[in-house]
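The values are calculated or read from the model by the stated rules, or taken from the named source; none is laboratory data. Just so it is clear, the structure is predicted and the values come from calculations on it, not from any experiment. Note that we place each Cβ from the backbone using ideal geometry, even for glycine, and neighbour counts take in every protein chain shown.
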Amino acid sequence: MLIDVKPRIASEEVRELLEYAVHGDEEELSQAVKQYAADSDCKLLAYEEEEQYIGIIGYRSGDNGVLELLHLAVHPEDRGMGYGRGIILDAMVLERPAVVLAETDEDSADFFRSIGFQVTGFTKYPGGPEYFRCTYETEENEEDFM
């Protein structure tokens with residue numbers, strides 16, 4: 001079950017999962033915490049099972065029908081068990097977007113590709129590292145996503 005953890009963003013358990021999402025980068029973690037605190041359009045939800053947080057998803061969902069994934073992480077002990085896909089599906093059920101977007105690095109691009117996203121590489125600046133834009137378009141009458 002997804003629960004709102006934005007009010008508990010300072011807790012060790014939430015920060016640990018968010019830290020996985022930013023690959024341990026303290027500066028990015030600090031920016032993410034500030035972003036969720038300041039932007040009311042950003043949501044931060046954790047997947048809870050047996051009173052433990054298994055994973056976390058942060059996103060922005062606007063009136064334009066686009067759900068923009070900002071952060072996604074599953075506790076290392078629980079990876080490869082379908083939780084990441086399930087967390088995205090639960091967010092899609094909550095928000096009912098027309099399109100789900102994510103921007104990620106090469107390591108995560110294969111995950112998004114494996115769950116049905118279209119993945120396109122790009123660079124943010126000439127000579128910079130390659131990033132990947134991941135897009136999933138839902139169908140209006142689709143009951144089971146992906």
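Beta carbons closer than 9 Å, at least 6 apart along the sequence or on distinct chains, pair a first residue in region 118-146 that is within 22 Å of A91 (Cβ to Cβ) with a second that is part of a strand (DSSP E or B) and at pLDDT below 80 for Y131/T123.
From the list A73, A91, A98, the one residue that fits, being touching a residue at least 60 places away in the same chain (Cβ under 8 Å) and not β-branched (V, I, T), is A91. Pairs linking a residue in region 53-68 that is closer than 18 Å to R133 by Cβ and free of Cβ contacts under 8 Å to residues at least 40 places away in the same chain to a residue that is polar (S, T, N, Q) and buried (at least 18 other Cβ atoms within 10 Å of the Cβ), with Cβ atoms under 8 Å and 6 or more positions apart or on different chains, are L67/S61; E68/S61.
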